[in-house]
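What follows draws every value from the coordinates through simple rules; no lab data is involved. Every value quoted in this text rests on a predicted model; they were computed, and no experiment measured them. Cβ atoms come from the backbone with ideal geometry, glycine included; neighbour counts cover every protein chain shown.
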Amino acid sequence: MHSADIHLDSPLKGLERYDGAPSAEIRSATRQAFVRLVDCCIDEKVTFLLIVGDLFDGDWKDFNTGLFFNQQMLRLKEREIRVFIVRGNHDAVNSMTKSLQLPSNVREFSASKPETIILAEHGVALHGQSYANADVQHDLSSKYPPPANGMFNIGLLHTSADGSAKEHAVYAPCAIQGLVDRGYDYWALGHVHRRQVLRSDPFVVFPGNLQGRHIRETGPKGATLVTVADRQATLDARSLDVMRWYLREVALDHAQNAQHAVDLVFASLEALRRTEAATPLAVRVRLFGATPAHRELIASSEHYATEIRARAAELEALWVEKVIVDTRAPIDIEELRRQSTPLGELLRTIAAQREDPAALDALVAELSPMQQKFAAVPADDRPPFDTASAVRDALAEVEQLLVPMLLDSGETP
């Protein structure tokens, strides 16, 4: 079993503030997923389990994290299942001040240099190296030993590879072709939280993380069961997460008003719940499209976000983490901008502001004192107006809000 990026005891983020969210499940999700991983290893009678970096999310708050891990390892020891670990950037040797004696069935690769572990009874050679410190910026794999003759050779490497981790920081970068040229039969990678099979001959695999922890880690999560016969590997991705994150995008082009929009969102969430019937879901909803409902949605976005959450509560084990209103008015603003009218002049002024760095900086300076006064008001996750890019985005929203209002008030092109 190939696993990575377990981040044991790392909490799920984005749900705690909402009434009705499963706070106990949120706090223990990574532990529950780890228990599922151990259960799966036992059920499948695996020969060994690989944990390729970031078993822990950093130094433990107390020893309970380590004790829990050891308890699960003892379950595997009872079934004579061995465990091999390399440390990654989150649990590098110099990042962890607490430690426990590991059970005898668990072996951690050295952080001082690459090493090879031979499992002669299984015809397997494991090659790997742990992180000595969190910021490894050189190619660890370049020093890995040559493959052992007559063995199924597996490389364990916590790495960003060669651009496969665009959403992750770069650690131990390497070229995929360099891994292939090493001559191993299987590369067990870690660090990238999205499952990817980078090569199939030989296999170069990111299993993804075990449990999604926030909205940037969407979809099924788990580990990869690897079966080897005659030195040929076959893969079986196993979903082991206990709560799943989704981004649900709902087109509102045909919504006639905000209430119709809420109904369309609920129908979309119902469909998702039917598709993912067995797993609790945390969903971010993004509303988009040119719709007559735009003005209502923008003007009372928090009200309709609350209504969407209330409707979603009718669905079993589904929580709406956030609602993003990214709609626009069904109006040709560019055509209006070209007209010789007061509205056209206003739109041209807004466009000029958006493209003028000095004007944007002046707006940031003007808005800063106002924002400080409202700092104590609970935020709706909107980025603060403290950069030119944030103000530029806000001007686009203002434009979409103002135009329908001015047209309704009698302004004509």
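Numerical summary
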| quantity | calculated |
| --- | --- |
| Helical contribution to [θ] at 222 nm, DSSP H n ≥ 4, -39,500 (n - 2.57), averaged over the chain, rounded to 500 | -10500 deg cm²/dmol |
| Residue-span extension gain [residue 257 to residue 228] - 0.36 nm each, minus C-alpha spacing | 4.7 nm |
| Principal-axis tilt of helix 342-354 within the chain, Cα atoms, nearest 10 degrees | 30 degrees |
| Folded to 0 to 90 degrees: helix 388-408 orientation relative to the chain principal axis, Cα | 40 degrees |
| FRET efficiency, 1/(1 + (r/R0)^6) with R0 30 Å, evaluated for residue 401 and residue 339 via beta carbons | 0.95 |
| With eigenvalues of the C-alpha gyration tensor scaled by 5 and rooted, the stretch 131-193, Å | 22, 12, 10 |
| 0 to 90° range, to nearest 10: angle between helix 23-43 axis and the chain longest Cα axis | 40 degrees |
| Footprinting exposure proxy for 10, 268 (fewest neighbouring C-beta atoms within 10 Å first) | 268, 10 |
| For the chain, with +1 on Lys and Arg beta carbons and -1 on Asp and Glu, the positive-most of 222, 407, 318 along the dipole | 222 |
| Those aspartates and glutamates that a straight Cα-Cα span of less than 16 Å connects to residue 61, excepting residues fewer than 8 apart in one chain | 9, 91 |
| Loop-resident sites, the stretch 140-187, for trypsin sites (Lys or Arg not before Pro), counting at most 13 other Cβ within 10 Å (DSSP) | 166 |
| Answer label for Kirkwood radius over Cα pairs in Å (calculated), chosen among (1) 21.9; (2) 24.4; (3) 25.2 | (2) |
| Inter-label distance for residue 314 and residue 63, nm, one decimal - labels placed 7 Å from Cα along Cα-to-Cβ | 5.2 nm |
| Estimated Rh, the stretch 244-408: Kirkwood, alpha-carbon pairs, angstrom | 17.6 Å |
| Nearest-20 debye value, the chain charge dipole, Cβ charges on Lys, Arg, Asp, Glu | 1200 debye |
| Exposed GluC sites (Glu not before Pro) absent - longest run of the chain, DSSP non-H/G/I/E/B, at most 15 other C-beta within 10 Å | 168-313 |
